[in-house]
There are 2 protein chains.
Amino acid sequence: MRRLSLNQKTTNRWGVDEAVDGCVRAGLEAIGLWREPVHDAGVARAAELVHDAGLRVSSLCRGGFLTAREGPARRQTIDDNRRAIDEAVELGTTCLVMVVGGLPEGDRDLAGARQRVADGIAELAPYARERGVRLALEPMHPLYCADRGVLSTLGQALDIAEQHPADTVGVVVDTFHVWWDPEIERQIARARGRIASFQVCDWITPFPGDALLSRGMMGDGHIDFRYLRRLVDDAGYDGDIEVEIFNAELWATNPDDVVALMKQRYAEYVLDAGQSPAP
Amino acid sequence: MRRLSLNQKTTNRWGVDEAVDGCVRAGLEAIGLWREPVHDAGVARAAELVHDAGLRVSSLCRGGFLTAREGPARRQTIDDNRRAIDEAVELGTTCLVMVVGGLPEGDRDLAGARQRVADGIAELAPYARERGVRLALEPMHPLYCADRGVLSTLGQALDIAEQHPADTVGVVVDTFHVWWDPEIERQIARARGRIASFQVCDWITPFPGDALLSRGMMGDGHIDFRYLRRLVDDAGYDGDIEVEIFNAELWATNPDDVVALMKQRYAEYVLDAGQSPAP
């Protein structure tokens, strides 16, 4: 239970202050932050809140969106990624989650977009390295290939990450995004030393109407979390386990109740039997 | 244009008789049939209709659903697949499209479900072989992994197909299902001699509310059809190119208009410039 981290998106209506308080009330030791609510609170104030509460920041979401062709918009994005790296430093986390972006408007050249992601990471890596921040490439479910993330498999993310030192460019293993992948055992083993974040949430059916809000609480869907957690364990990952759920129904629920349910389901579906501590 | 085939699902409200007439009116030479409307018409009558109209049957959809654990339900499915093979023979097509099925209710053992697909194909292959029918394994977009098709990549489908003669077990390359796959060039090349069907439709955004009806007309979305068609060409495939679109808006449109649009978009987005004949 000590590795369990609340990703802020799971309790989307909480600001940083409320989420920090909620974690403390629930006895959690870690939190995953998002830049928008951090900006709302002010970066320095957000850093102070998590520090004073004694919480680890397991990750900062998100940098990325690196698929635009060269030009002013791409330059702006690169600058914004540098700011995100600085914010990660200020918040005390080494893990900046990178959502790499979809195809540019009207553009069908998928291979080109993927190459520009690799190029963007290469451009940002030295800046991240100097500041001790690791760019954590998040392969996304192929559902999002067109409009959110052109990296569709862990293997593909590793192909890019391996061009850089392991503590500069890593990968995110998010059960929702990777559970279907027939290569997953081999690729998680290959990711040894590069797993920057392990995130859990479920794949539920019938598929909710909004693709972005289609994730479910562990146990409500089809994913074998224990199996994937053991693969990640076997690859040497011993960091925090974040619960990140985009779901309209959960967002409409009292956030303290969501956190309580999250703890219960984490013990029931993610931990091995016997690992679950007394509540 | 001679290779263009209307998959019945694209004009979902047409029965076999209407779809056959519609193909003839539009000057098409091939049609992809579905078992339900074929049963509605009667298999013998459907066979007579396509034969009298001089149409090729490019495929019959669908066999499959082979993920159930051993027991009476699985035996029924195997029997039903044998009937589907017989129907393919009667309709004059060698291509039976196999939608392999999702996870059984409440079952999270994805590897086990995938193994049962391989076992089911091995059980059906001799029956198909004796009758000259090819089981065409359709890898499906990972979006459908939980509830429709546990084969998520072309590579995975080929792993199973290659355990059998190439004219007994083949694969379907459907642009909607495979366009995102970073391995697609290598896997289509590997599929040489096993491509039983090439189907086209587009990936559109924003993602429609119903996952099953999320496909779009070529040109309305993000897929580079010409690129994928050339890969399939280079792998030696010279059979029909089926347009199969599940889309509520198209289904509400006059089917003759849908067919006309399909021909136009096929010329514009799938064929090379200069390949398009005079209308």
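Descriptive notes on the structure:
- Inter-copy label distances for B:Leu212: 2.7 nm (label point placed 7 Å from Cα along Cα→Cβ; shortest first).
- Largest-first principal axis extents of the Cα set of segment B:22-116 (Å): 48, 23, 20
- Candidate lysines for bridging to B:Lys263, where Cα separation is under 18 Å - those fewer than 8 sequence places away on the same chain excluded: B:Lys9
- Span from the segment A:6-43 Cα centroid across to the segment B:49-108 one, whole angstrom: 50
- Relative to the other identical copies, B:Asp40 shows label-point distances of 5.0 nm, where the label point lies 7 Å from Cα along the Cβ direction and values run shortest first.
- Along principal axes, Cα extents of segment B:1-43, largest first, whole Å: 29, 17, 15
- Take the Cβ atoms of A:His39 and A:Asp210, set R0 to 25 Å, and the FRET efficiency comes out at 0.55.
- Whole-Å semi-axes of chain A's equivalent ellipsoid (Cα gyration tensor): 27, 22, 18
- Average partner coverage of B:193-204, which counts Cβ from other chains inside 10 Å: 1
- Spin-label model, B:Asp272/A:Ile78: points 7 Å from Cα along the beta carbon direction are separated by 3.7 nm.
- Within chain A, the selection of entire DSSP H helices by a Cα span of 20 Å or greater along the long axis and an average Kyte-Doolittle value of at least -1.0 returns A:110-130.
- Here the contact order of chain A, divided by its residue count and restricted to Cα pairs under 8 Å and six or more residues apart, works out to 19 percent.
- Relative contact order for segment A:81-166, counting Cα pairs under 8 Å that sit 6 or more residues apart, in percent: 36
- Short-range pairs are left out: with C-alpha atoms under 8 Å and at least six residues apart, the relative contact order of segment A:97-139 is 61 percent.
- For segment A:147-279, the alpha carbon positions stretch 44, 39, 26 Å along the principal axes, listed from largest to smallest.
- Residue closest to axis [chain B; rotation mapping onto A; Cβ; Å]: B:Gly209, 2
- Here is how far apart the B:Asp234 label points are across copies: 3.5 nm, shortest first, using a point 7 Å from Cα toward Cβ.
- Relative packing of peptides B:69-81, B:138-150, A:197-209 - highest average C-beta neighbours within 10 Å first: B:138-150, A:197-209, B:69-81
- Normalising the Debye intensity of the protein assembly as shown to I(0), with uniform scatterers on Cα atoms only, and taking log10 at q = 0.07 Å⁻¹ returns -0.44.
- For chain B, calculated [θ]222 nm from helices alone, where every DSSP H run of n ≥ 4 adds -39500 (n - 2.57): -12000 deg cm²/dmol
- Under the shape rule built on the C-alpha gyration tensor, where the axes satisfy a ≥ b ≥ c, segment A:27-79 is prolate, since a/c reaches at least 1.5 and a/b is greater than b/c.
Computed from the coordinates by the stated procedures, all read-outs in this text should not be read as laboratory data. Just so we're clear, the structure is a prediction, and the values are computed from it rather than from any experiment. Every residue, glycine among them, receives a Cβ derived from its backbone with ideal geometry; neighbour counts consider all protein chains shown.
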